[in-house]
């Protein structure tokens, strides 16, 4: 709860109960409740808090459909939806629990369970006890479990993660990334020390439980914090969605893993990030932009070693070499290479007859929108990519076509 003000209606069980008993109110909100006249009409028959909750829920369910196949019926509030694990990632993690936790007798503990995204995926294989300090979270988790047909396998308890008895258990933890654990706060913390529960709790959990996973932001300072664990960076839809700290029976200790979820396929690359030796060389026929999971896991050089590619520069993650097939990097055919000089790269783009250009860079300061506005484009021409990068120490621009 945000200490600065009252709880939003969707964070109170009484208003969730009110909506669940009156689905026609949610339907009316979804059908046109944003119009002032419609809202006024709804308030004649329902408390303003209930109308506000219905309007918010209808809006959030449109967004939930991006993460959940049944998102149009999901129970959620804004913060829990933002922090919820999407179905594809949750199912990927649940399969690891099933594969390595086979024979586990008790329920899996889902600490800081939120709206139940991970609990629902885990319930395909285990009974699950989801624990959250907020009663509304447990309400949502059980309702959403019923929505997905696993109500008999998910139990909710209102308690703090710190009070849970996890000795010898399989555990999933999704700590709150809001400052001080305040649910109403807008800014997400990147330091694990500022999560709730904090880093010391996570380390105790990893050392005490039989095995499990801790979900943290891929942008957080997880490096070096879990030396006896495995760190998996999970990518879906072109974005690195989370860093998962695997521990105990579910981990390959000391390994960093990059995983790309692509439809029904799972591509994974695992290694000690310090084993591979950086290899830098001249630009080849193709450039490769590694998946963000590869970059964040520190496995760029490992990818080079396995694919035969090399870096453009020791300060760049862009790779180059001949045409290779890899799910871990997007391929671009190099059409023209020139210095990072506006006159030169504009002329090079113009010579390709580009009708549209995407601008990419990693470390060279670049205002992509400003660059695009001044490029000479040919109406109806092909789409090109302009990549700004260092080539063996020199700032350069490469005009490419995406493969």
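Couple of notes before you dig in:
- Based on DSSP H segments of at least four residues, each scored -39500 (n - 2.57), the chain has a per-residue ellipticity at 222 nm of -9000 deg cm²/dmol.
- Cα shape, the chain, gyration tensor, a/c 1.5 rule: oblate
- Near-label residues of the range 362-403 by backbone N, under 17 Å of a point 7 Å along Cα→Cβ of residue 323: 400-403
- The range 1-62: C-alpha gyration tensor shape, a/c 1.5 cut-off, then a/b vs b/c: prolate
- FRET efficiency for the residue 285 to residue 372 pair, using the beta carbon distance and R₀ = 22 Å, is estimated at 0.30.
- Summary value for the range 1-62: 41 percent relative contact order, contacts being C-alpha pairs under 8 angstrom separated by 6+ residues.
- Kirkwood Rh and Cα Rg combined as Rg over Rh, evaluated for the range 248-403: 1.02
- Helix axis angle, 48-64 relative to the chain longest principal axis, alpha carbon, degrees: 40
- Gyration tensor (alpha-carbon) shape descriptor, the range 73-227, a/c threshold 1.5: oblate
- Inter-centroid distance (Cα atoms) of the range 111-150 relative to the range 203-265, Å: 21
- Virtual paramagnetic centre 7 Å along Cα→Cβ of residue 24, amide N under 12 Å, in the range 46-63: 46
- FRET efficiency, 1/(1 + (r/R0)^6) with R0 35 Å, evaluated for residue 151 and residue 37 via beta carbons: 0.35
- Relative to the longest principal axis of the Cα atoms of the chain, the long axis of helix 135-147 makes an angle of roughly 80 degrees.
- Helix 87-100 and the longest principal axis of the C-alpha atoms of the chain enclose an angle of approximately 80°.
- Using a Förster distance of 22 Å, the FRET efficiency for residue 69-residue 262 (Cβ separation, nearest 0.05): 0.85
- Among 63, 215, 374, the largest mean-square fluctuation in a Gaussian network model of the chain (Cα springs under 10 Å) belongs to 374.
- For the range 135-279, radius of gyration divided by Kirkwood radius, i.e. Rg to Rh on alpha-carbons: 0.99
- In percent, rounded to a whole number, the relative contact order of the range 82-270 is 16, using alpha-carbon pairs under 8 Å and six or more apart.
- Full extension of the chain between residue 102 and residue 82 gives 4.1 nm of extra length, using 0.36 nm per residue less the Cα-Cα distance.
- Here's the picture: a label point sits 7 Å out from the Cα of residue 95 along the beta-carbon direction, and within the range 270-287 the residues with their amide nitrogen under 20 Å of it are 270-271.
- Distance between the C-alpha centres of the range 332-403 and the range 37-64: 47 Å, rounded to the whole angstrom.
- The chain - percent relative contact order, Cα under 8 Å, separation 6 or more: 9
- Where Rh is the Kirkwood radius over Cα pairs, Rg/Rh for the range 54-115: 1.08
Readers should treat all values here as calculations from the given coordinates under stated rules, not as data from a laboratory. Being a predicted model, the structure only gives us computed values, none of them experimental. With ideal geometry, Cβ positions are generated from the backbone for all residues, glycine too; neighbour counts draw on all protein chains shown.
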